[in-house]
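The block underneath contains the structure these notes are about, expressed in structure tokens.
The values are calculated or read from the model by the stated rules, or taken from the named source; none is laboratory data. The structure displayed is predicted, hence computed values, not measured ones. Note: ideal-geometry Cβ built from the backbone for every residue, glycine included; neighbour counts use all protein chains shown. When the accessible area is computed, the model is the full protein with side chains, heavy atoms only, and any ligands, DNA or RNA have been set aside. Shrake-Rupley method; radii C 1.70, N 1.55, O 1.52, S 1.80 Å.
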Amino acid sequence: MSALELAETYPYVSTDDDACDAARLLVERRLVTAEGDDRDLDEALERLTGLTVAEWLPRHRVRPPTVGPDASVTHVAALVARTHTPLVAVVERDGDRINLMGAVTAARLMERIVGGS
């Protein structure tokens, strides 16, 4: 099985997107833990108003782990273990352009390794 076959559709934003929209996406999809109540969320969104994702991100960015679509399950598992991250992006390069094909989550990887499906 290849990384592309194992990959799932995963929401993403670009650095030019609105920071408030990105924050809402994170909370709505439960990709981050939102602590507090709606008032806390409203205050956080107020601080992000007018910012892009690039302006919101820390200056020191961590490059996410990526694999090509033909990477093996073993390669993806080794990358997850080495980088201590629960998510690996599956990308396809076309010249200078990089296309996100999906993402392999640690949960999906474990389903494949343990369950064999």
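Summary of computed values
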{"item": "The chain, relative contact order in percent, only Cα pairs under 8 angstrom and at least six apart counted", "result": "34 percent"}
{"item": "In sequence order, calculated HN-Hα J values of segment 20-29 (Karplus, 6.51, -1.76, 1.60; Hz; x Gly/Pro)", "result": "5, 4, 5, 5, 4, 4, 4, 6, 4, 8"}
{"item": "Accessible area (Å², 1.4 Å probe, nearest 10) - residue 27", "result": "50 Å²"}
{"item": "Most mobile listed residue (97, 61, 30) in the chain, GNM with C-alpha springs under 10 Å", "result": "97"}
{"item": "Accessible surface, per residue, of the chain when the full set of protein chains is kept, probe 1.4 Å, Å²", "result": "72 Å²"}
{"item": "The chain: most fluctuating residue of 63, 93, 24 per GNM, C-alpha cutoff 10 Å", "result": "63"}
{"item": "Environment charge of residue 22, counting only residues whose C-beta is closer than 12 Å and scoring Lys/Arg +1, Asp/Glu -1", "result": "-4"}
{"item": "Along principal axes, Cα extents of segment 52-117, largest first, whole Å", "result": "42, 27, 18"}
{"item": "Karplus-derived 3J(HN,Hα), 6.51/-1.76/1.60, for each residue of segment 55-70, Hz, glycine and proline x", "result": "6, 7, 5, x, 4, 8, 9, 9, 6, x, x, 9, 9, x, x, 8"}
{"item": "The chain: Rg to Rh, with Rh as the Kirkwood radius over Cα pairs", "result": "1.03"}
{"item": "GNM flexibility winner over the chain from 95, 68, 50 (Cα, springs under 10 Å)", "result": "95"}
